[in-house]
Amino acid sequence: MDILKERILKEASVINSGVLKLDSLLNHGVDPQLTMEMGKEFVARFAGKKITKVVTVESSGIPVAFATAYQLGVPLVFARRKKTLLGEPDAYCERVPSFTKGIVTDLIISRDLLSANDSVLFIDDIIANGDAARGLIKIIEQSGADLVGIGIVLEKSFQAGGNMLRELGHQVEMLVKVKSLENNTITFAD
């Protein structure tokens, strides 16, 4: 997506050789028009797949996953990172490290929201090492749902997460791949 690349170059900032700050686009602020375009792009890339739900991880993946689910006309389910007082004791749960937060969190989805009758599309914002993605995939497997594909807005291809997803054998679509953040410069992969 050329428009996404242009916006990243204009608005993102490189924190260090491993971290890209995308606050105005994905992680703090949301551009509704661009987000809806990303959703349309994911729908086009997974055209012909039977999808009954879109799943993502709280919180930065929610806007793009919502846009995708809206375009598909299916529900969105997001994995919570914290248990709530109303949380169901019988939920799917996986413990995962967070690259950007530097902590370990739980991913939790109520068993009422995901079942073996579902064909799910997993959408997320950024993949670095792939720990959250791996945890959500395990939850999908535990539920018996069929994972029909994985869509990621931005892959940092110099980290292992994207390759890990491809090795799982699922259809994986990235809207943008960043090859390097060295010397405070964003370099896209072809």
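List of remarks:
- Restricting attention to segment 132-189, the residues that are of a type in the set (Val, Ile, Thr), part of a helix (DSSP H, G or I) and free of Cβ contacts under 8 Å to residues at least 60 places away in the same chain total 1.
- Taking the conditions (1) over 14 Å from the mean Cα position of the chain (by Cα); (2) more than 18 Å from Glu41 (Cβ to Cβ); (3) not aromatic (Phe, Trp, Tyr) in turn, Gly135 satisfies each one other than (1).
- Identity of the residue in segment 44-62, at pLDDT 95 or above and surrounded by 24 or more Cβ atoms within 10 Å (Cβ to Cβ), that ends up nearest to Ala132 (Cα to Cα): Thr56
- Qualifying residue in segment 84-94 (condition: under 16 Å from the mean Cα position of the chain (by Cα) and polar (S, T, N, Q)): no
- Taken together, Val19, Val30 contain a single residue that is modelled with pLDDT under 95, surrounded by 12 or more Cβ atoms within 10 Å (Cβ to Cβ) and farther than 19 Å from Ile123 by Cβ, which is Val19.
- Evaluating Asp106 against the criteria (1) touching a residue at least 40 places away in the same chain (Cβ under 8 Å); (2) in contact with a Cys (Cβ under 6 Å, 6 or more places away or on another chain) leaves one unmet condition, (1).
- Breaking point among (1) out of contact with any helix residue (DSSP H, G or I) (no Cβ under 7 Å at 6 or more places or on another chain); (2) assigned to a strand (DSSP E or B), for Phe66: (2)
- The listed residues are Phe158, Phe188, Phe122, and the only one of them that is of a type in the set (Phe, Trp, Tyr) and closer than 20 Å to Pro63 by Cβ turns out to be Phe122.
- The condition of being at pLDDT below 95, within 15 Å of the chain's Cα centre (by Cα) and buried (at least 21 other Cβ atoms within 10 Å of the Cβ) holds for Gly130.
- Residue within segment 45-60 that is of a type in the set (Phe, Trp, Tyr) and part of a helix (DSSP H, G or I) present: no
- Test result for Asp146, surrounded by 20 or more Cβ atoms within 10 Å (Cβ to Cβ), in contact with a strand residue (DSSP E or B) (Cβ under 7 Å, 6 or more places away or on another chain) and among the charged types (D, E, K, R): no
The values are calculated or read from the model by the stated rules, or taken from the named source; none is laboratory data. As the structure is a computational prediction, the values presented were derived from the model and not from experiment. When we count neighbours, we look across all protein chains shown, and the Cβ atoms used for this are built from the backbone with ideal geometry, even at glycine.
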